[in-house]
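What follows draws every value from the coordinates through simple rules; no lab data is involved. It should be emphasised that the depicted structure is a prediction, and the values quoted were computed from it without experimental measurement. In this analysis, Cβ positions are derived from the backbone assuming ideal geometry, glycine residues included, and neighbour counts consider all displayed protein chains.
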Amino acid sequence: MARLTWRRVILTAAVAAVLGWCGAALVTRSGASPSAIPWTVPPLLGAAAGLALWLGWRVKQFREGKRPNLDPLQAARAAMFAQASAYAGAMLAGAYLGYALGLLPDWSHKPRREIIVSAVISLVASVVLCAAGWIAERWCATDGGKTTPPDASASAA
């Protein structure tokens, strides 16, 4: 499994930002009310970020020899979850950024302002998820640059 690169993560966020902005513009031009972002989004993204860091920390300790009883397949799964967290965080951050920017011309309208503020809060939580996935993926990387532990492919077979 190849390591994360900033280019792919930023490209994911940029495409999602354009799509989020287009969605917000389409909603406002059609006269419909934009959807509110649920208040549960930031805590769930924070919990996913915490899980990614916890799993990555376990793998880091496994690689340092401090946790010899960790199954290599679990380490590989932790690396995959870390990458998925980074990409999901980037995608959601871009989507929330685009959504907030699309609604920004209606800042003076109080209900739209509340949606923009909730989008920005969710954007921050998404960036935290992306950063946590990035850090956890680095903890899971082997010296050869791959993100799966050396014994994980043998255990999977």
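Observations
- Here the simple spin-label model places points 7 Å from the Cα toward Cβ, and for Cys22 and Leu44 these points are separated by 2.5 nm.
- CD proxy at 222 nm, helix term only [per DSSP H run n ≥ 4: -39500 (n - 2.57); per residue of the chain; nearest 500]: -26000 deg cm²/dmol
- Only one item in (i) 28, 17, 14; (ii) 38, 15, 10; (iii) 47, 15, 12 matches semi-axes √(5λ) of the Cα gyration tensor in Å derived from the coordinates shown, and that item is (ii).
- Rel. contact order, % - alpha carbon contacts under 8 angstrom, at least six apart, the chain: 39 percent
- Projected label points at Leu70 and Trp54, each 7 Å from Cα along the beta carbon direction, are separated by 1.4 nanometres.
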